[in-house]
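Heads up: the structure comes next, in structure tokens.
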Amino acid sequence: MAETEQDAVAADDALYVLTAVLLTPAQFPSVLGDDYPAACAALGLAPLADGYGLVLGQDGEGARWTVVTDDVSLVAVAIASWDCGMEYELSPDERSVVAALPGWPLAVAVAAPGVPAPHDPDSDAGDGPLLSPPDTSVWGPAQRRLGADEIAVQWSTWREQVDDADFATAEASADDESGAGPAAEGGHSGVRRVLAEVRGYLETPPPLGRVRSSFAPGSARTLRADGPGWSLVARTDDIAFVLLDEEPGEVLPVGRGPELPALLEALDKMAVRPS
């Protein structure tokens with residue numbers, strides 16, 4: 001890091017790493033935005049094609065810092081090691097550090113031992129404005145995206161709450177393919193709007209990261225699509241779920257119908273995937 005960044009991170013040039021996350025087109029904290037460029041903009045970063053690694057920690061005085069590195073592979077290895085219960089000392093090379101940003105863009109529940117409690121750095125320190133996690137205490141875009149994250153991770157739990165018989169009375173068509181259960185018989189207008197916007201992505205590609213594909217059991221893929229006011233989570237071999245800003249806390253299941261399978265297949269082909 002440059003001398004000014006060293007002074008900003010800590011008087012003793014030490015950063016006590018607490019956690020790290022990837023900020024790439026295929027994997028980024030969705031709480032920060034509907035797509036990769038939006039997530040980068042939330043941190044004041046240019047959306048590089050290869051992305052970044054974000055290292056969250058505290059300096060010797062306990063202040064919160066986010067170190068941005070372009071060594072994505074290093075951060076990916078560290079995260080994979082930690083997920084496997086292995087120790088890994090994450091220390092980005094100075095030459096790979098893009099910025100030292102004051103604060104944390106995400107909520108961190110742990111703190112470094114032996115230093116003061118986490119607190120914001122001085123207002124004039126660092127390479128950008130003070131970062132703070134998005135407000136998720138009330139329903140809105142950030143909480144809606146977090147809800148979609150939870151469904152993607154806990155798919156089986158959410159899927160068990162849906163009875164396929166609920167879709168039997170909803171005949172799917174180009175104008176009504178949602179089959180979104182008895183509460184939405186005749187088609188939920190919000191679901192119809194989301195499906196129309198998703199189909200539009202096939203004709204006019206959205207910003208990078210709006211549609212992402214990740215691993216799922218068997219030969220299926222987990223799809224995630226987001227847009228203004230909505231999030232969609234689906235399995236290519238199953239149904240989909242839609243969350244809407246205007247429907248606080250509601251999760252709307254979308255039956256496969258005659259058109260959803262082809263739509264999901266097309267989305268998977270255009271989606272960005274983890275390398």
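State all residues of the stretch 125-158 that are loosely packed, with under 15 Cβ neighbours inside 10 Å and more than 12 Å from the chain's Cα centre (by Cα); if no residue qualifies, say none.
Passing the criteria: PRO129, SER132, ASP135, SER137, VAL138, GLY140, GLN154, SER156, THR157.
Considering the stretch 143-182 alone, what residues qualify as being modelled with pLDDT of 85 or more and assigned to a loop (DSSP other than H, G, I, E, B)?
Within the stretch 143-182, GLN154, GLU160, GLN161, VAL162, ASP163 meet the criteria.
Testing ALA107 on (1) assigned to a loop (DSSP other than H, G, I, E, B); (2) over 21 Å from the mean Cα position of the chain (by Cα); (3) loosely packed, with under 13 Cβ neighbours inside 10 Å, one condition comes back false. Which one is that?
(2)
All but one of (1) under 18 Å from the mean Cα position of the chain (by Cα); (2) closer than 17 Å to PHE167 by Cβ hold for ASP238; which doesn't?
All conditions are met except number (1).
Output the residues belonging to the stretch 198-243 that are among the hydroxyl-bearing types (Ser, Thr, Tyr) and either modelled with pLDDT under 95 or closer than 21 Å to LEU146 by Cβ (or both).
SER213, SER214, SER219, THR222, SER231
Somewhere in the stretch 249-260, is a residue within 16 Å of the chain's Cα centre (by Cα) and surrounded by fewer than 22 Cβ atoms within 10 Å (Cβ to Cβ)?
Within the stretch 249-260 (the criterion being within 16 Å of the chain's Cα centre (by Cα) and surrounded by fewer than 22 Cβ atoms within 10 Å (Cβ to Cβ)), the answer is no, since none of the residues qualifies.
Identify all residues within the stretch 51-100 that are part of a loop (DSSP other than H, G, I, E, B) and touching a Ser or Thr at 6+ places or on another chain (Cβ under 7 Å); write none if there are none.
Selection gives GLY51, ASP70, ASP71, TYR88, PRO92.
The values are calculated or read from the model by the stated rules, or taken from the named source; none is laboratory data. No experiment lies behind these values; they were computed from the predicted model shown. Every residue, glycine as well, gets a Cβ built from its backbone with ideal geometry; the counts of neighbours run over all protein chains shown.
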